[in-house]
Amino acid sequence: MKKKILIGTLILLLLSAMIGVSVYREVYAKGPSVKVIEVAEDEISSFLLVPGTISLEQEQIVYPSPERGTLKEITVEEGQSIKKGTVLARFENAQLQLEEEQNSLSLESTNLRISQTESQLTELRAQEEALSNTLLPDPAALSQVAAQISQLEAELQIAELELKQANLQEESIEKRTAELEIKSNIDGTVLLVNENATAAGAEPAVVVGKMDGLVAKGLLSEYDTLKVSLGQKVNVRSDAIQDKEWAAEVTKVGKLPETQLAGAPQEAVQYPVFVKLSGKNSVLKPGFQVIMEIEIEKKTGIVLPDSALIDDGDKQYVFVAEIGIVYKREVKTGIISGTEVEITEGLELKEKVVTDPNEDLEDGMEVTVK
């Protein structure tokens, strides 16, 4: 009986050992488990990141100006919707008023002098004609009248020149007077009214803007200006507003650099770039700091997640899975965009690539593909 029990125990131990070996072979003999992705083509873009500031596409700012005169009144209210041509503010200029009065007197006196001279000339010419028609014309009298006519004609010519000058001055005064009344040159909204603005403080008295048109301005290095052109697509992001982006488009690249600060190095030359945001926006406001992601290149090619690549100094590799075995293969890369990388050499379509190889993976190792 004991012998039977012993034999049964040995059989159970043998079966357990065989099962353990079978499980070991099932789990370990095939190597580690890996996830793979099938090589396929996709679009990938290269972006240039440029810090920028939001501003209004259409904006009008009225500043106090010593040349214009003293701010007399502001004729609009903050928040008011206005049309192009609406009077925003009026200035007054005592010096201009004095010039206007002096010009008026000059015009009046010059016109009077011309009228009197023309009247005198008419009389003298009639007198000259009467003397010429006498039976015995008096040469001395004719000579005297002719001299008087000549002098009056010269005086008339001078007076007419003075009248032209006074008329030009009048036009200039009328133009400057019209400039005392500031009108809106856009349809928009009054964003700021500052009744206490002074020329010395350099603060605006009135700001008008079109809120449904926003632009962002940034600066490009001379190298980056060669990559940016009109019409390129842009994604605009703001740290103040997380998980939100706005579509935009490059509308202008400056042909002249921004004015450099005194003492700035020559390498600091930068060119302005402007992008226009699409559609209406009720979140971004003028003055917001943003990042402009300018799409400078877009291609279709083999694209992998960057986690699939192994960086080995100056070379990069991936593991390609074929019938349960992985092979380490060198690849060449192109555009890098976020977590995606373009593969330009080393892979063929529909091959299987390990998406996240660990450090223990080796060339020729057996694996279990999930």
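The values are calculated or read from the model by the stated rules, or taken from the named source; none is laboratory data. Please read these numbers as outputs of a predicted model, since none were measured by experiment. All Cβ positions, even for glycine, are placed from backbone atoms using ideal geometry, and neighbour counts span all protein chains on display.
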For the condition of a type outside the set (A, V, I, L, M, F, W, C), more than 30 Å from residue 337 (Cβ to Cβ) and either surrounded by 12 or more Cβ atoms within 10 Å (Cβ to Cβ) or not assigned by the TED database to the domain that holds residue 178 (or both), what is the one hit in 70, 53? 70
Is at least one residue of region 237-252 touching a helix residue (DSSP H, G or I) at 6+ places or on another chain (Cβ under 8 Å) and either under 30 Å from residue 82 (Cα atoms) or surrounded by 14 or more Cβ atoms within 10 Å (Cβ to Cβ) (or both)? no
Quick check on this structure: which one of 351, 345, 322, 295 is in contact (Cβ under 8 Å) with a residue 24 or more places away in the chain and exposed (fewer than 14 other Cβ atoms within 10 Å of the Cβ)? 322
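This table checks each residue for (1) of a type in the set (Val, Ile, Thr); (2) crowded, with 16+ Cβ neighbours inside 10 Å; (3) under 29 Å from residue 280 (Cβ atoms).
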{"site": "145", "(1), (2), (3)": "yes, yes, no"}
{"site": "154", "(1), (2), (3)": "no, no, no"}
{"site": "166", "(1), (2), (3)": "no, yes, no"}
{"site": "174", "(1), (2), (3)": "no, no, no"}
{"site": "181", "(1), (2), (3)": "no, no, no"}
{"site": "187", "(1), (2), (3)": "no, no, yes"}
{"site": "194", "(1), (2), (3)": "no, yes, yes"}
{"site": "204", "(1), (2), (3)": "no, yes, yes"}
Residue 274 passes all but one of (1) at pLDDT 95 or above; (2) assigned to a loop (DSSP other than H, G, I, E, B); which number fails? (2)
Filter result for the condition that a residue is surrounded by fewer than 13 Cβ atoms within 10 Å (Cβ to Cβ) and closer than 23 Å to residue 164 by Cβ, over 119, 106: 119
How many of the residues in region 155-192 are over 20 Å from residue 88 (Cβ atoms) and among the basic types (Lys, Arg)? 1
With the condition kept exactly as written, say whether any residue in region 263-270 is assigned to a strand (DSSP E or B) and either within 41 Å of the chain's Cα centre (by Cα) or of a type in the set (Val, Ile, Thr) (or both). yes
May I ask you to list pairs of residues, at least six apart or on different chains, whose Cβ atoms are under 8 Å apart, with the first in region 108-122 being aliphatic (A, V, I, L, M) and the second being part of a helix (DSSP H, G or I)? 114/156; 114/159; 114/160; 114/163; 121/149; 121/152; 121/153; 121/156
Every residue in region 320-370 that is in contact with a Phe, Trp or Tyr (Cβ under 8 Å, 6 or more places away or on another chain), in a loop (DSSP other than H, G, I, E, B) and closer than 13 Å to residue 307 by Cα, please. 357
